[in-house]
1. With the checklist (1) crowded, with 19+ Cβ neighbours inside 10 Å; (2) within 16 Å of the ligand (Cβ to nearest atom); (3) aromatic (Phe, Trp, Tyr) in hand, flag the one item PHE40 doesn't pass.
2. With respect to GLU72, determine if the residue is more than 9 Å from the ligand (Cβ to nearest atom), free of Cβ contacts under 8 Å to residues at least 60 places away in the same chain, in a helix (DSSP H, G or I) and of a type in the set (D, E, K, R).
3. Pick out the one residue from ALA239, ALA226 that is within 28 Å of PHE401 (Cα to Cα), at pLDDT 85 or above and within 25 Å of the chain's Cα centre (by Cα).
4. Pairs only if they're at least six apart or on different chains, beta carbon under 8 angstrom, first in region 1-20 and under 18 Å from GLY38 (Cβ atoms), second at pLDDT below 95 and crowded, with 24+ Cβ neighbours inside 10 Å; list them, first residue then second.
5. Considering only residues that are under 19 Å from ALA363 (Cα atoms) and within 8 Å of the ligand (Cβ to nearest atom), which ones fall in region 126-143?
6. Are there strands (runs of 3 or more DSSP E) fully within region 124-206 with at least 2 residues that are more than 20 Å from LEU89 (Cβ to Cβ) and at pLDDT 95 or above? List them.
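The values are calculated or read from the model by the stated rules, or taken from the named source; none is laboratory data. None of the values given here were measured: they were computed from a predicted structure. Heads up, the Cβs are rebuilt from the backbone with ideal geometry, glycines too, and the neighbour counts pull from every protein chain shown.
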Amino acid sequence: MTDRLHIVGGGMAGSEAAWQAAQAGVPVTIHEMRPKVGTFAHRTGSLAEMVCSNSFRSDDDEQNAVGLLHWEMRAAGGLIMEMADAHRLPAGGALAVDRDPFAEAVTARLRAHPLIEVVGEEVTALPDAGHWIIATGPLTGSGLAQAIAAEAGQDSLAFFDAIAPIVHADTIDMSVAWRQSRYDKGETEDERTAYINCPMTKAEYEAFIDALLAADKTEFKPGETAGYFDGCLPIEVMAERGRETLRFGPMKPVGLTNPHNPTEKAYAVVQLRRDNALGTLYNIVGFQTKMTYGAQKSVFAMIPGLQDASFARLGGIHRNTFINSPTLLDAQMRLRSKPHIRFAGQITGVEGYVESAAMGLLAGRMAAAEMRGHALPPVPQTTAMGALVTHITGGAEAKTFQPMNVNFGLFPPVDARGGRRNRAARYKLYTDRAKADWTGWLGLREAAE
Ligand SMILES: Cc1cc2nc3c(=O)[nH]c(=O)nc-3n(C[C@H](O)[C@H](O)[C@H](O)COP(=O)(O)OP(=O)(O)OC[C@H]3O[C@@H](n4cnc5c(N)ncnc54)[C@H](O)[C@@H]3O)c2cc1C
């Protein structure tokens, strides 16, 4: 075979797509613009860089849709999951990742693959021929974004999300804060103490909310539209929705006991999660923000325990580019108007590291199969992979299409004839069915080769 698959963007999706195609025997070129051309969020030239939170979210493959997606990707020999597992950090039931060694390991594995080459260049136009996957993510280079907009018309757009701040651990006042995971969740002592908690009294909470509401925020530029995905809602936007929203969201005081004052229940708790293996950096969980840097420093200093904290990185806003996939893509993730081009990753309207890598995994397999002369059968919608790809390539309403995390709402309902089932039993039915169907689909593909 002489054909080569070209992948634009070596992020979560592009890296996984390259790995899957190369493992299927197809030569791959990854065109990655970093480090020559940077983005405001990436810091390195590594492939698969995690730009904000260091979490792959829940690793529970029986009760959680993203945990199920982890399972399916592992079953398919996914590189992103293999490297995330290898660089896992303690985080209760979540899969937190030591971001720099993770990205370096993904880069090394791809560069060492005999069928993969990595070219350091920015692609600025839609290619006319060949086999291509565009996986340029939420911060797609502007030239290519314009070319996509020209091809897609009004269907391509940009909006904004916000970054959570990262604190130097040794500047947290541990005479006020304490280490504990909610409900002491976790198998090991490390897991059970994975979070640092900062307690607030009612008066401190009320003053904090007042300060958040009054703080200077970064303005949007004229003509830009603003929208947020639910997993990354800015803290001040949550506060604007109601004074109690944060106390029932990221600052909920449940499942925690303050050892400095065990008899008094905190009114609200700010949690920080370990951000690197060394344990020197912690990110403030759920505190994405578009407050100005000056405002962030003074508002966050009001958090008991963080009064003298120094920040490795303050929060910020970011762009998210995505296409209207239900209109533009076919079920094989190909651009209807230029079927030699597939799209993968966050630009297709999935949301998050794991979902983006998952769509890379599928796009890589689909492209490789097509190049080898046999198209893959549709992925069952009963699987997490199938639920996501069905959603973006037709399941979602095109007119109101918005980026989506994987969730059980995307799956065909389980047969509940056995009567009203409780939630845990229902989720288990979803995940059991998905695992059986995913395993079957993987087997079908192998049989076809
Ligand atoms: C600031 C910010 C914060 C985020 N926070 C989170 C979070 O906390 N949790 C979460 O799960 N997700 C978060 N996301 C989303 C996350 O970035 C994506 O889910 C994931 O990285 C998308 O994977 P991807 O492969 O589609 O894109 P990316 O991982 O961004 O990879 C795209 C790659 O394409 C390259 N590229 C772009 N244009 C070109 C071009 N024209 N030519 C060549 N190369 C190009 C880029 O340099 C990049 O390496 C955040 C995104 C941003 C921007």
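1. (1)
2. Answer is no for this residue.
3. Sole residue among the options that is within 28 Å of PHE401 (Cα to Cα), at pLDDT 85 or above and within 25 Å of the chain's Cα centre (by Cα): ALA239.
4. Within 8 Å, the pairs are GLY9/THR140.
5. Hits for region 126-143 are ALA135, THR136, GLY137, PRO138, THR140.
6. Once the strands (runs of 3 or more DSSP E) in region 124-206 are filtered for at least 2 residues that are more than 20 Å from LEU89 (Cβ to Cβ) and at pLDDT 95 or above, what remains is 131-134, 195-200.
Conditions tested, residue by residue: (1) touching a Ser or Thr at 6+ places or on another chain (Cβ under 8 Å); (2) among the small types (Gly, Ala, Ser); (3) at pLDDT below 90.
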residue	(1), (2), (3)
VAL270	no, no, no
ALA277	no, yes, yes
LEU281	no, no, yes
VAL285	no, no, no
MET291	yes, no, no
GLY294	no, yes, no
LYS297	no, no, no
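Rundown of residues vs (1) away from the ligand (no atom under 12 Å from the Cβ); (2) not assigned by TED's automatic domain parsing to the domain that holds LYS290, yes/no style:
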site	(1), (2)
GLY315	no, no
VAL354	no, yes
ARG365	yes, yes
LEU376	yes, yes
